[in-house]
1. What percent do you get for the relative contact order of the stretch 1-66 when only Cα pairs under 8 Å and 6+ apart count?
2. Counting Lys and Arg as +1 and Asp and Glu as -1, what is the net charge of the other residues whose Cβ lies under 9 Å from the Cβ of Val313?
3. Net charge around Arg242, counting only other residues with Cβ within less than 11 Å of its Cβ (Lys, Arg = +1; Asp, Glu = -1)?
4. Would you grab the residues whose amide H sits under 5 Å from the one on Arg143? Only those 5+ places off in sequence or on another chain, please, with H modelled 1.01 Å from N.
5. Any idea what the relative contact order of the stretch 226-304 is, in percent, if you count C-alpha pairs under 8 Å spaced at least 6 apart?
6. What are the equivalent ellipsoid semi-axes of the stretch 128-179, built from the alpha-carbon gyration tensor (square roots of five times its eigenvalues), in whole angstrom, biggest first?
7. About the Cα centre of the stretch 59-186, how large is the charge dipole given +1 on each Lys and Arg Cβ and -1 on each Asp and Glu Cβ? Please answer in debye to the nearest 20.
8. Rounded, prolate or oblate: which one fits the stretch 59-196, using the alpha carbon gyration tensor with axes a ≥ b ≥ c (rounded when a/c is under 1.5, else prolate when a/b beats b/c, else oblate)?
Amino acid sequence: MSLDDLTIERIETFAVALPTRRSFGVAGGAVTVAGRPSLRILVKVSADGVSGWGEATPIPAWTYETAESIVTTIDRYLAPAVTGRPAWDLDGVTSAFDRAINRGFSIGAPLAKSAVDVALHDLLSRAAGVPLGVLWGQRRTDRIGLGWIVSGQSPTEVADSVAEGRDLGYRAFKVKIGLHDEETDAAVVAAVRENAPGAALWVDANQAYTVPAALGMARRLDGLGVIAFEQPLPANDIGGLRRLRDASPIPVALDESLRHPADLATFIRLEAVDVAIAKVQRSGGLTLSRRLCSLAEDSGVRLMGSGLTDSDVGLAASLHLFAAYGIDTPVDLNGRQFIESPYAGPTVRIESGMAHVPDGPGLGVEVDEAVVRELAVDVLETRLTDSSKRPLTVADREPTRPPVPRHGLGTR
């Protein structure tokens, strides 16, 4: 069957409760909590006997989409908008998505849109019998270096965390800051550098600072060999990011600010960005992410890569994107560090801190649908059960967040 014969017939959503390996937090709150399942939304798109899989990672601490909203957005809005359309028409699907859930200042339900978009890419390349990079005609590397995440720890705990990563072969470290007062945050970064003297090192504030506080932190970190200061200010503080970029001794990288390629175009015109972070789910999928990466490349803006604590489907999608653009700095694809993917058979291989870009058809992850269905829960109900059948309350699904310091006085 040729690709132009494929018509989208069915889109299914599965909210799966995945085992959590360790806790993880960002400036906005908890991402994973040890002992509690981590919810991910897997999406299956079927067309003429072929299927593909995508993933959405609901993290209310990072963005506004929840497991419940992703499921209902796909089931009630996105799926009806594209069912019956040609599966190959990714541009048309993107336009249909924007009519169904329109853009405001944000792209509009990017995680939900991304899951369907990624599943379509998986479907198309599986139908063609080739890896996704071959379908694109763009794959510049076969391996991507990963960063080990250090999050929310005091300086005295850093040595153990860094040692664990180094024992697994990681030679790059990303530190989440904005979790404590500025002095403690700086001390944590310094402790990572002390315990990993030759490693690539970058920091991510997840919008936690004001301009004066971010500049103060950048000056504290200057001299530690930090390669990027990721998202120090609120996503929409364009003027502040321009001022910070002019004064910061460390390159300013943007993540949450880049919801759409047009956002990157604005920051480029205003000379307010040093580094653009490519992130599949934040940008609504692979279609728009490729546009963003091409714009950065053509404009001379350095690219780095990141994910959303994805399980293996999302991990593979990001690897294909980053390999297509030859991103040669370590990337934050930290899913394996924090959660498990029991639904995946043959899948992404990680060795010594390096991820091998899958070379099987599609994304290169073989999804065991029977396991997916076993792991599936109804997120529209008020109670779930974990592997021990203990009832999970709403509070379990949305952990209570500790107070987060908003660094600097006044409005953000």
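The values are calculated or read from the model by the stated rules, or taken from the named source; none is laboratory data. It should be emphasised that the depicted structure is a prediction, and the values quoted were computed from it without experimental measurement. So basically every Cβ, Gly included, is an ideal-geometry build from the backbone, and we count neighbours across all protein chains shown. When the accessible area is computed, the model is the full protein with side chains, heavy atoms only, and any ligands, DNA or RNA have been set aside. Shrake-Rupley method; radii C 1.70, N 1.55, O 1.52, S 1.80 Å.
1. Relative contact order, the stretch 1-66: 32 percent.
2. Charge balance near Val313 sits at -3.
3. 0
4. Sorted by chain and number, the residues that satisfy this are Val357.
5. 28 percent
6. 35, 13, 8
7. Values: 13 positive and 17 negative charges, 154 e Å.
The calculation lands at about 740 debye.
8. oblate
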